[in-house]
Every structure is written in C-alpha cells, then in structure tokens.
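K.L.:
Provided herewith is a single structure, encoded as structure tokens, for subsequent inquiry.
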Amino acid sequence: MAEIFRLMCLGCLLFLLLNNAICQEEGGETRSAMVPAMFIFGDSLIDNGNNNNLPSFAKANYFPYGIDFNGGPTGRFSNGLTMVDVIAQLLGLPFIPPHSQASGDQMRFGINYASAAAGILDITGRNFVSRIPFNQQITNFESTLNQMRNNIGAADVAEALAKSIFFVGLGSNDYLNNYLMPNYNTKNQYNAEEYANLLSQQYNQQLIRLYNLGARKFVIGGVGLMGCIPSILAQSQNGACSEEVNQLVLPFHNNVRSMLNNLNTNLPGFRFSYIDIRNLFQDLLTNYRQYGFSQVNQGCCGVGRNRGQITCLPFQTPCANREQYIFWDAFHPTEAVNILFGRKAFNGGPDVVYPVNIQQLASL
C-alpha cells in the first residue's frame, strides 16, 4: 500500500510539473511560477533539514537557529531564510522541502538534497561524521527519477526537468573541512592549483551526471571570500581577512567559470547562471554601510574571538540587531545577507551573476 501511494505521488508530481506552475500562497492567493520546479544540491549554506536525523555534528535544528524563521528551527544554518529560499520565492515557488522529509504534494515544486558538511569530494566533512556528499545527493535524485521513469515514462520526465532550475552550491567545505583541516593530508598532497584542478575535474563530471539525468538549467553558486568569515578571522592576530585563504580558493573560483563555459559550449541545451559569491561579498564588505550593515567581522551567535571560535550553541542568546550583521555564526551569513544576495542573483548584472541572471535563465 505504501509503495502504491508513493507511485501515485510521483504521478501527481509529474502531472503538476508538466501541466501547471501555479503556486498556492497563504490566504488562498495564487500566482504563476516562472519554472515548474527547483532541485537543490549543496552544503550547509542551503541545507534546510537533511542532516536533522543523521548521526552528525553538522546540525542546526535547534534554537537560536531559525529564530526569525516562521516555524522556528528547521535545520537551516541561518537565523531565517537561506539564499535558495529567497530565490524560490522570487521564482514564484514555495519553500523547497528537504529530501529527508519530502513526500506527496510537498514534492510538487522540487526537492532540496543539500547536506551540511558536504563537499565535491566524498571524504570532505568527515570530521562531522555523517553528511551527504554531492555524489550521494545526485544518487538520491537519481533514485527519485528512476521511480518516475519506470512508472510514468522517460519522455515526460525529461520534458519537465528541462524546464526546471537546478541549483548547485558546493566547494566551500572542500577547503574549510578538508584542505585547511590539520587532520587531513590533502594540503601535503596538492598545492593550490593542483587541488583546484582536482575539485573542478570532479565537479565537471558531477554536473555532466546531472545533465545526463535531464538537468538543463543550472544555477551555480560560487565560493565566497572564505578568508573573511568569523571562523578564519578568529585565527588572525590582527583581525584582518586572511589573504592566504582567499588566494588559496581563487584558482577554484577561476576554474569553475571556465568549466561552465566549456559545458555550455559542448553540451546541447546546457544553460547556466553563475552566482559570483566572491564579488558579492567583496562589494558587501567594502560598502556594508550603504547596505545597512554595521557588523562585518563577527558572528551574531557564537563564542570566542569574532564569535567564530565555537559556532552557535543550543539556546545561546544571539545579538538583538541581527539585520545589521553580515554573519550569523562562524561560517554562515544572516538572513539579511541571504535576501540581498538572493535578489542580486535573481535580477543582477553580469558583475555578480554571469552570463544571465536567474530571472533571465528561467525564461529561456
């Protein structure tokens, strides 16, 4: 009986993807969505609960995480919305449910497969014990598709997927929770260029794998200025951003742009929007007062220097003026930054989202 119900749900999901993009909002108001669905792959920046039931240290399903989110803590590593929440809203979609909880009608607008501590490499994030690496996230997506294709039809599934957005944001943990970790031997095996090449080669194959599963419209979130997050600032003697860390990550940043251009050239129908998180953060840190921020170098919730030596603890009292903080905890931005970046990714210019923004990608 449970399997029959699941197949019925998958059938309903496909029907809705193909035949309408109507999002039911609070109060009964409806509006058209720009795309049928959004499928999300990534790490803690966009995880919304997939780690909740894992034996993992990378969790955010406790207060004060979610203090500004309607419904409280959900597993989002923020005080409120994540960037993909904002993008979903701008596309006319509801919040996309986590894979661990999605069922029935919840699946009709997509699924979020992201997992805190996940990386491009399978070994990344092992200090946190359980996590769902990108390869496994794709496998989870593939499992859903296989059920749909086997029982409904590959052609109809392909038509729906080609119109949907695939958001992918990975790479940060491959540095923060791999290369820069003292218990990893990675830094002794690869220099910065070699490691960037390793990551981008693997990333390239993973995106091709998604393409072969039917993805056509990709939104790729780049890595940010990781040398400027509270966790890294807490290790600084003078309180300045670590140029060493920022330069370490730069080759990967450059590789990803080249990789996407090559995929766009070589894969028929491949389209993408690359969100240049590095440039977004550089602009924000330079012009933070113009954007309404006053705190740029410490977390709103955390312990130690820059509130970044120990991340946000259960039931810790966070800062009161959260809208003025760039960073929520040792690693993650506040809702205010997620809203700012989400809006810029949606309708910004080529200096922050390349070669087209998400709004333009959705209309292709």
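The values are calculated or read from the model by the stated rules, or taken from the named source; none is laboratory data. Source: prediction; values computed, not measured. Note that we place each Cβ from the backbone using ideal geometry, even for glycine, and neighbour counts take in every protein chain shown. The accessibility values were calculated without ligands, DNA or RNA, using every heavy atom of the protein model including side chains. Shrake-Rupley method; radii C 1.70, N 1.55, O 1.52, S 1.80 Å.
K.L.:
Given the structure, is Gly72 in contact with a Pro (Cβ under 7 Å, 6 or more places away or on another chain), at positive phi and not polar (S, T, N, Q)? First the steps, then the outcome.
P.N.:
Values: in contact with a Pro (Cβ under 7 Å, 6 or more places away or on another chain): no; at positive phi: yes; not polar (S, T, N, Q): yes.
It is false that Gly72 is in contact with a Pro (Cβ under 7 Å, 6 or more places away or on another chain), at positive phi and not polar (S, T, N, Q).
K.L.:
Does any residue in region 67-80 that is over 19 Å from Ser115 (Cβ atoms) and small (Gly, Ala, Ser) come within less than 7 Å, Cβ to Cβ, of a residue that is open to solvent by less than 20 Å² (accessible area, probe 1.4 Å) and assigned to a loop (DSSP other than H, G, I, E, B) six or more places away or on a different chain, and which pairs are these?
P.N.:
These pairs meet every condition: Gly72/Gly66.
K.L.:
State whether the residues of region 304-325 include one that is closer than 20 Å to Val353 by Cα, crowded, with 17+ Cβ neighbours inside 10 Å and not aromatic (Phe, Trp, Tyr). It would help to see each step written out before you state the result.
P.N.:
To start, the set of residues in region 304-325 that are closer than 20 Å to Val353 by Cα comprises none.
No, region 304-325 contains no residue that is closer than 20 Å to Val353 by Cα, crowded, with 17+ Cβ neighbours inside 10 Å and not aromatic (Phe, Trp, Tyr).
K.L.:
Taking the conditions exactly as written (open to solvent by 10 Å² or more (accessible area, probe 1.4 Å) and free of Cβ contacts under 8 Å to residues at least 24 places away in the same chain), does Asn255 satisfy them or not?
P.N.:
Numbers: open to solvent by 10 Å² or more (accessible area, probe 1.4 Å): yes; free of Cβ contacts under 8 Å to residues at least 24 places away in the same chain: no.
It is false that Asn255 is open to solvent by 10 Å² or more (accessible area, probe 1.4 Å) and free of Cβ contacts under 8 Å to residues at least 24 places away in the same chain.
Residue-by-condition table, conditions (1) within 24 Å of Ile220 (Cβ to Cβ); (2) at pLDDT below 95; (3) aliphatic (A, V, I, L, M):
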site: Ile40; (1), (2), (3): yes, no, yes
site: Gly49; (1), (2), (3): yes, no, no
site: Phe63; (1), (2), (3): no, no, no
site: Gly104; (1), (2), (3): no, yes, no
site: Asn112; (1), (2), (3): yes, no, no
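K.L.:
In addition: Of all residues in region 149-180, count the ones that are farther than 22 Å from Gly75 by Cβ, part of a helix (DSSP H, G or I) and either open to solvent by less than 10 Å² (accessible area, probe 1.4 Å) or in contact with a strand residue (DSSP E or B) (Cβ under 6 Å, 6 or more places away or on another chain) (or both). Walk me through how you get there before you give the answer.
P.N.:
Pass one, region 149-180, residues farther than 22 Å from Gly75 by Cβ: 149-164, 175, 178-180.
Filter again for part of a helix (DSSP H, G or I), leaving 149-151, 154-163, 175, 178-179.
Remaining after also requiring either open to solvent by less than 10 Å² (accessible area, probe 1.4 Å) or in contact with a strand residue (DSSP E or B) (Cβ under 6 Å, 6 or more places away or on another chain) (or both): 157, 160-161, 175, 178.
Of the residues in that region, 5 qualify.
K.L.:
While we're here: Quick check on my filter: what residues within region 41-66 are hydrophobic (A, V, I, L, M, F, W, C) and touching a His at 6+ places or on another chain (Cβ under 8 Å)? Even if it seems obvious, please write down each step before you answer.
P.N.:
Our first condition is that a residue be hydrophobic (A, V, I, L, M, F, W, C); within region 41-66, this holds for 41, 45-46, 54, 57-58, 60, 63.
Leu45, the sole residue that qualifies.
K.L.:
So, in region 44-59, how many residues would count as being under 18 Å from Val337 (Cα atoms) and either assigned to a strand (DSSP E or B) or not charged (D, E, K, R) (or both)? Spell out the reasoning first.
P.N.:
Step one: list which residues in region 44-59 are under 18 Å from Val337 (Cα atoms), which gives 44-48.
After this cut, where a residue has to be either assigned to a strand (DSSP E or B) or not charged (D, E, K, R) (or both) as well, the list is 44-46, 48.
So the count comes out to 4.
K.L.:
If I filter region 118-137 for residues that are open to solvent by 60 Å² or more (accessible area, probe 1.4 Å) and part of a loop (DSSP other than H, G, I, E, B), do I get at least one hit?
P.N.:
Yes, because at least one residue in region 118-137 is open to solvent by 60 Å² or more (accessible area, probe 1.4 Å) and part of a loop (DSSP other than H, G, I, E, B).
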